[in-house]
1. Could you tell me which numbered condition Val191 fails, if it satisfies all but one of (1) under 30 Å from Ser270 (Cβ atoms); (2) at pLDDT below 70?
2. How many of the residues in the range 310-348 are within 26 Å of Asp371 (Cβ to Cβ) and either touching a residue at least 60 places away in the same chain (Cβ under 8 Å) or part of a loop (DSSP other than H, G, I, E, B) (or both)?
3. Here is a list: Ile400, Ile396. Which entry is at pLDDT 70 or above, under 27 Å from Lys297 (Cβ atoms) and either touching a Ser or Thr at 6+ places or on another chain (Cβ under 8 Å) or part of a strand (DSSP E or B) (or both)?
4. I'd like to check something: does the range 158-165 contain any residue that is assigned to a helix (DSSP H, G or I) and either modelled with pLDDT of 70 or more or not charged (D, E, K, R) (or both)?
5. Mind listing whichever residues of the range 396-415 are among the hydroxyl-bearing types (Ser, Thr, Tyr) and free of Cβ contacts under 8 Å to residues at least 60 places away in the same chain?
6. I need the full set of residues from the range 99-126 which are surrounded by 14 or more Cβ atoms within 10 Å (Cβ to Cβ) and either farther than 17 Å from Arg57 by Cα or at pLDDT below 65 (or both), in order please.
7. Looking at the structure I just gave you, is Val178 surrounded by 14 or more Cβ atoms within 10 Å (Cβ to Cβ), more than 24 Å from Gly274 (Cβ to Cβ), modelled with pLDDT of 80 or more and outside the structural domain of Phe263 (by TED's automatic domain parsing)?
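The values are calculated or read from the model by the stated rules, or taken from the named source; none is laboratory data. Note that the structure is a prediction, hence the values are computed from the model and not measured. For neighbour counting, all protein chains shown are included, and Cβ atoms are generated from backbone atoms with ideal geometry for every residue, glycine included.
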Amino acid sequence: MLFVREEMNFDSVMLAVQTGAGLSQLVLGVLCLLLGTLAARRTFHRWFQHSPERYERFLPYTAFRLVLPGASLGCMLLCILGWNLLTHSRPHLLPLFTAMLFWLGVIRLFSAVMRQALPQGKFERHSEHFIATVLWLGFVSWAIGFDDVVLDWLQSVSFSVGKTHLDLLTILNAMLWVSIIVVVALWVSRVIEARVMGLKHMDLSLRIVFAKMARTLLIVVAVLIALPVVGIDLTVLSVFGGALGVGLGFGLQKIASNYVSGFIILLDRSIRIGDRLMVDNRVGYVTRITSRYVVLKSADGSEALVPNDALISNTVINQSYSDKAMWISLPIQVDYGTDLDLALAVLRESAVHPRVQTEPGPASFVTAFADNGISLELGIWVKDPENGFMGLRSEIYLAIWRRFKELGIEIPYPQRDVRIVSDVAVALPGRGGQA
């Protein structure tokens, strides 16, 4: 009963449906499926509607996934028993429904167990449902013999590439095997990347290079292994290789240049993750280095994708190449009657901050005798420029303001004096020239 492929094929199923007995069995099968669906809905509302946390537990969730096939299978067995008692004949379609429901339960149980076994987030519920549905539809097509019809049609669609004869079945088979082998290669590359990135004693740029090289090499090897497995001669790739070479030479040369430049940047370690760069008057921090571009994130949160080729061929200012500490200056003016030595000392004292380096420490300077006052400047080395400067400037300026208020040091503001030099008599025409 569980393996009905030997007893039925697609043509016999179609002939059975066209008879009255077969149509009755089809209706009974659909009714059993509807009853199973109704039982699953009622179970969901009873178990999980008021206690959604149960939906994340393995046993309640697995039991719920088995309600539909289990209830439908129970109804189907009762229908088979009733059919035998009433008609004294063996049903043809009901055993097929029974096998389908049994394997639906097995597939759902397997997918639920696999979802529980894998780490959280690696195999979500929608992926589980999709894979279970695909596996079950594959079993249904095999059970009724529909796969033979599809395979014959795929083999009938054929063409030749050079001396190699290809059909649609071979191409789909190749795509399937290539996908499986590439997925395995990507999984292995992720494992290798996790191991390589965990080597803290190695420079981050070298770790990224080794991880990218391992992934590229594994994908190429996977394709070279998969094609002979499905019977495709590797010489077929010579045509595509020639076309790819021409494309790289003309239309894809920029992509190739960016790809090679990415490896050069990672190998010479001129640009690393976390560096502060200035590219075309845009300042930001490197958050990611890919094979085609570098992600430059500015202080306002915007991200620029800078091609690797531009970083190789143009001048790039790396403000954290050897030391990430940065020098910033804070200008301020004081009144002409101010004790400059005291004001300069106040500036240095106000710059004492956890984010400011102590060696070399803050420095204060007299920069100009301006129109409205004496210009001073406070210079500091910031330890963590990646955290921004606005907040630090505000805190230091507030500290300077408070100390100046305590000591009576005035900050001047612009003033303009208007002076009248003399009175000028204006002669009005028509009045004898007298004012």
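1. The single condition Val191 does not satisfy is (2).
2. The total comes to 13.
3. Working: Ile400 fails: under 27 Å from Lys297 (Cβ atoms).
Checking each option against the conditions leaves just Ile396.
4. no
5. Tyr413, the sole residue that qualifies.
6. Ala99, Met100, Leu101, Phe102, Trp103, Leu104, Gly105, Val106, Ile107, Gln116, Phe123
7. no
Rundown of residues vs (1) within 26 Å of Ile131 (Cα to Cα); (2) part of a helix (DSSP H, G or I); (3) under 45 Å from the mean Cα position of the chain (by Cα); (4) modelled with pLDDT under 70, yes/no style:
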site: Ser12; (1), (2), (3), (4): no, yes, no, yes
site: Gly22; (1), (2), (3), (4): no, yes, no, no
site: Gln49; (1), (2), (3), (4): yes, no, yes, yes
site: Pro95; (1), (2), (3), (4): yes, yes, no, no
